[in-house]
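Contents: one structure, followed by commentary.
The values are calculated or read from the model by the stated rules, or taken from the named source; none is laboratory data. The model shown is predicted, which means the values in this text are computed figures rather than measured ones. Ideal geometry is used to build each Cβ from the backbone, glycine not excepted, and the neighbour counts take in all protein chains shown. Just the protein is used for accessible areas: all its heavy atoms, side chains included, with ligands, DNA and RNA removed. Shrake-Rupley method; radii C 1.70, N 1.55, O 1.52, S 1.80 Å.
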Amino acid sequence: MRKLIGQSILLPVLLTIAINAQAQNSKSPNIIVVLADDIGVGDISSYRRLSKGQIVLETPNIDKLSEQGVMFTNAHAPAALCATSRYAIMTGQSCYRSSAPWGVWGAYNKSAIEPNQLTLGRLMKQANYKTAFLGKWHLGTSFAKKDDPNEIFVENRGKPSINVDLSKIISGGPESLGFDYSFCLPAGIQSVPYLAFENSKWFPLKKDSEIGFVDKIFMERLGLELEKKEGLGDSNWNPKDIGPLLANKAVDYIKAYAKSKQPFFMYYCSQAVHTPHAPIDELNGIKIAGTTPSKHMDMIKELDVQVGMMVDELKKQGIYENTVFIFTSDNGGLHVDGNTWNAHHEPSDIYRGAKNDPYEGGHRVPFIVAWPEKVKSQLKSSKPVLGLDIMATLASITNQNEDFQDSFNLEPIITNKKNKHIAERDFLIVQGGSRKERTIIKDGWKLIVQYDKKDKTDKTKTPVALFDLNTNLTEDERFNLIHNKKYKTKVNDLFRLFNNAIENKTSLVDY
């Protein structure tokens, strides 16, 4: 009798699971893009294994994505600095096409994205996706003045910003760029305002939260340093709480839309591993703080757990197979924590430099795409790719015909379509950081171009370094050949190609 009752209960359950699975397989894939903050190729253990380097910290959840998906081993951020990279990834356009190509857009700066410009959010809305943005924005936002709600607040440099109404984002936030839902940190965890916004409205971190003032003393009480500006923030602000908050918001979003008739697109911009390094004690039942040799590495571990939480929820909801999961970073890794170095962890792996540098370590990043329904085992690709290629790739996956100037479609590589033509880059143009450098890489030859910081027209620029990556890539780009007469023609050819692309605004896809 018990056996019959068990069968009568089990059969409807199995039927429901089958129906849900069939419904999921019949619709477009859900898509999650995770953009880590300041993660280098050496921070991810599956990439570190490629160079046979010492592995101090394992990243098992991210590794699983690479084991079941496509690892791009020649991937680059659009720039060696985060805000400019985020512009390029969000728009699918190179940094130099922006109206503020070198700018770091704080929360009180107007967005450089044009009102009608295509963005990831708008692209996915066109394909009838539910769209969500979670995490660090750093693309500029506008707020009203506190004493004049009809006027946009403009920051007075050098002074704390207090005459600003932070109850809501007026414009420039995720909702204005095509995202249905947002949980947004306008400048991440590192600068003002030290607040979170849900659907453009201030999100109090606790019931008794007020908008107060975050300064050096405030941060010292948390055992942290104030890295950048003092200014307005949540009275309960603590950077260590932000990672769990974001991860749980992502899990909740997956739960809410797992069985929706519309597929969802979630752009998740983690707070990890940007400074200040404030790891949470425990996340998802896993101890974090103090479990690695440095706070920096604790944050890498926290990021890996965040990724694991999202993957686990996708599997729990029965939609993992039909989800495209992309993991990458906004720029190269950090070289800021002495304990990281003492432990012999190498954020940039075998490459010279780090975040903000024009060298390979400044812009080389992990780039992993998992799509279990289409990719059954690990694939590796050495094709040169940029983070801004996400735009054209998602357009292809969602069957949208769009013309892109700079974004290349990686979908044929991801799905291993051997008979389909794959448009490849003839060269890469990557932007450096705050020192105003750009780089062109072609056929393994790399030319670094220095711009005159005083020339706001960007017309004054000079080649300053030439490297042969074919022979000394693993030798830390130490051999600068710029003054070797033997390579004068190479320098001139690369500089000419660089200028044609930059100054003539030529479509890189057409090369």
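A few points about this structure:
- In the stretch 470-491, the residues that are over 13 Å from Ile448 (Cα atoms) form Cβ pairs under 8 Å with partners that are modelled with pLDDT under 90 and open to solvent by 70 Å² or more (accessible area, probe 1.4 Å), at six or more places apart or across chains, as follows: Asn472/Arg478.
- Of all residues in the stretch 323-380, those being over 30 Å from Asn30 (Cβ atoms) and out of contact with any Phe, Trp or Tyr (no Cβ under 9 Å at 6 or more places or on another chain) number 19.
- Only one of the numbered conditions (1) within 18 Å of the chain's Cα centre (by Cα); (2) touching a residue at least 40 places away in the same chain (Cβ under 8 Å); (3) more than 19 Å from Lys436 (Cα to Cα) is not met by Asn109, and that is (1).
To keep it simple, each residue is scored yes or no on (1) within 21 Å of Gly92 (Cβ to Cβ); (2) of a type in the set (A, V, I, L, M, F, W, C).
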| position | (1), (2) |
| --- | --- |
| Asn409 | yes, no |
| Ile422 | yes, yes |
| Glu437 | no, no |
| Gly444 | no, no |
| Val449 | no, yes |
| Asn470 | no, no |
| Glu503 | yes, no |
| Val509 | yes, yes |
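- When the stretch 421-442 is filtered for residues that are more than 13 Å from His363 (Cα to Cα) and in contact (Cβ under 8 Å) with a residue 24 or more places away in the chain, the ones remaining, listed by number, are Ile422, Ala423, Glu424, Arg425, Asp426, Phe427, Ser434, Arg435, Lys436, Lys442.
- Of the set (1) open to solvent by 50 Å² or more (accessible area, probe 1.4 Å); (2) closer than 21 Å to Glu302 by Cβ; (3) in contact (Cβ under 8 Å) with a residue 60 or more places away in the chain, all apply to Lys229 but (2).
- Helices (runs of 4 or more DSSP H) fully within the stretch 402-511 counting 1 or more residues that are modelled with pLDDT of 90 or more and open to solvent by 50 Å² or more (accessible area, probe 1.4 Å): 469-472, 488-503
- Put simply, of Val369, Val305, Val365, Val324 the only residue that is within 21 Å of the chain's Cα centre (by Cα) and farther than 22 Å from Ala75 by Cα is Val305.
- Residue satisfying condition, being of a type in the set (Ser, Thr, Tyr), open to solvent by less than 50 Å² (accessible area, probe 1.4 Å), farther than 26 Å from Val336 by Cα and modelled with pLDDT under 95, within set Ser209, Ser161: Ser161
- Residue check, Gly318 of a type in the set (Gly, Ala, Ser), open to solvent by 20 Å² or more (accessible area, probe 1.4 Å) and in contact (Cβ under 8 Å) with a residue 40 or more places away in the chain: yes
- In summary, Ala256 fulfils each of the numbered conditions (1) surrounded by 21 or more Cβ atoms within 10 Å (Cβ to Cβ); (2) of a type in the set (A, V, I, L, M); (3) closer than 21 Å to Met124 by Cβ with the single exception of condition (1).
- One residue from Ile350, Ile288 being under 19 Å from Ser45 (Cβ atoms), touching a residue at least 12 places away in the same chain (Cβ under 8 Å), aliphatic (A, V, I, L, M) and open to solvent by less than 20 Å² (accessible area, probe 1.4 Å): Ile288
- Scanning the stretch 364-399 for residues being open to solvent by less than 30 Å² (accessible area, probe 1.4 Å) and either in a loop (DSSP other than H, G, I, E, B) or in contact with a Cys (Cβ under 8 Å, 6 or more places away or on another chain) (or both) gives a total of 8.
- Residue within the stretch 328-343 that is crowded, with 16+ Cβ neighbours inside 10 Å and in a helix (DSSP H, G or I) present: yes
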